[in-house]
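For reference, the structure is listed below as structure tokens.
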Ligand SMILES: [Zn+2]
């Protein structure tokens, strides 16, 4: 059986999976991310993950025919050169991800932003299955964004297509985490798990609580936690309303760690969206939670390699 190796780079782990053409993860695993040694460290963990995935494929008598990777940042061109560096893995700007993966694994390779590959996975075999235009956001440390149209990821002129997290939400707002732009007011600064901690404190909650604990408290009915999630959801709904008027997606999928808040997140998102978007979009662009859980990044990366690797 032909498989693609799908890699999902995070600040602590580099996950891998063997992915079939139908988007099934046959086997998954991970190696630690070497996050503090720049491009040299990144190359070391890429080699380790590829070797482990190749060994797993051999055991299963699967043939590795492609490789793909998703990473928190942006890449450009066929070589997958990193142009927006993830703050959690500094010093890797300019690294040519797809070029290196091609050399390491000796198969066609491709690389993309991690929310973009998650969008591809959801479009192919998750909440966006059968839809033509899938807009996805991932609510985690930041707000990732990805767009898949007619089955292909939208990269745009420089690989940053779909990055709604860096759209302006507040004039003269908070500085952007990615390039330190003062007053950038990016949407992700008002809608991410990081923002939830700040909003929770602003509503009088304990500033030491983690996003996960805040969600747990909200479920138990704690006022500050519920108010923080409500404000965050409203912000996200407004951001999605702006994105929707531009592309009129068939479906909007919300993924990422904060998804475990369920209706506590989804309800205010939908309410704000309904209030602010064009009438026809309310029906045409339903907002749903992601269906693929932890494996979405690896599955999407594997599919990307299989379908667009070069
Ligand atoms: Zn930004």
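Listing 285, 210, 22 from fewest to most neighbouring C-beta atoms within 10 Å gives 22, 210, 285. The stretch between residue 208 and residue 260 holds 16.7 nm of extra length on full extension. This uses 0.36 nm per residue minus the Cα-Cα distance.
Using R₀ = 35 Å, calculate the FRET efficiency as 1/(1 + (r/R₀)^6) where r is the Cβ-Cβ separation of residue 103 and residue 132; round to 0.05. That gives a FRET efficiency of 0.45. If the chain linking residue 282 and residue 27 were pulled fully straight, counting 0.36 nm for each residue of separation and taking away their Cα-Cα distance, it would gain 87.9 nm. Each of residue 2 and residue 79 was given a label point 7 Å from its Cα along the Cα-to-Cβ line. The distance between the two points is 2.8 nm. Note on residue 172 and residue 60: the model spin-label points, each 7 Å out from Cα along the C-beta direction, lie 5.5 nm apart.
Determine the distance separating the Cα centre of region 176-191 from the Cα centre of region 145-160; give it in Å without decimals. One Cα centre to the other: 22 Å.
Gain on full extension, evaluated as 0.36 nm per residue between residue 242 and residue 157 minus their Cα-Cα distance, stands at 28.5 nm. So the label point goes 7 Å from the Cα of residue 88 along Cα→C-beta, right? Which residues of region 203-226 then have their backbone N under 20 Å from it? Of the residues in region 203-226, 208-216 have backbone N under 20 Å from the label point off residue 88. The alpha carbon centroids of region 292-310 and region 26-78 are separated by 12 Å.
Each value in this text was obtained by applying a stated rule to the coordinates, not by laboratory testing. On a predicted model such as this, the values are computed, not experimentally measured, just so you know. Glycine gets a Cβ as well: all are built from the backbone with ideal geometry, and neighbour counts include every protein chain shown.
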